[in-house]
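Step one of this worksheet: look at the structure below.
The values are calculated or read from the model by the stated rules, or taken from the named source; none is laboratory data. Keep in mind that this is a model prediction, so the values were computed, not measured. Neighbour counts are summed over all protein chains in view; Cβ atoms, including those assigned to glycine, are modelled from backbone coordinates with ideal geometry. Protein only, heavy atoms only, side chains kept; ligands, DNA and RNA dropped before computing areas. Shrake-Rupley method; radii C 1.70, N 1.55, O 1.52, S 1.80 Å.
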Amino acid sequence: EGKHDLALASLRALWKKNQASAYIPFLLGNLYYDQRWWTVAMEHYGAAIKKNGRYRTNPTINRNVIRMLASSKTARRAQGFLKYTVGRAALPYVRYAAQHDSSSAVRRQSAWLARNL
């Protein structure tokens, strides 16, 4: 618990000094994802993508946001994120999830995304 808080505080301070960084919001997104603060994680992933479009193809971002389709709280936003922020770069990941994810909700929504990206 404490380690996460310290890492978050350090990274947030670092980000203030390095506004152009795409890597710092990516790392913050991962930490928030681990805490299950999924909406906040998506905001940080979005910031990383805005700073560097190559993050659209990042496996961690794609897999983590696809995982968020499993939660009724974040499913809608995750779907929008994959469709509009990540776009076609999400295709291989949603195709895989549509076939193999353990959650039926994730499989169903991934299949929809695979057809609609």
Residue in segment 60-70 that is surrounded by the fewest Cβ atoms within 10 Å (Cβ to Cβ), counting only those that are aliphatic (A, V, I, L, M) and without any contact (Cβ under 8 Å) to a residue 40 or more places away in the chain | 70
Test result for residue 103, free of Cβ contacts under 8 Å to residues at least 40 places away in the same chain and out of contact with any helix residue (DSSP H, G or I) (no Cβ under 8 Å at 6 or more places or on another chain) = no
Count - residues of segment 14-59 that are within 17 Å of residue 84 (Cα to Cα), open to solvent by less than 50 Å² (accessible area, probe 1.4 Å) and of a type in the set (S, T, N, Q) = 3
Within segment 1-36, residues among the hydroxyl-bearing types (Ser, Thr, Tyr) and part of a helix (DSSP H, G or I) come out as 10, 23, 32, 33
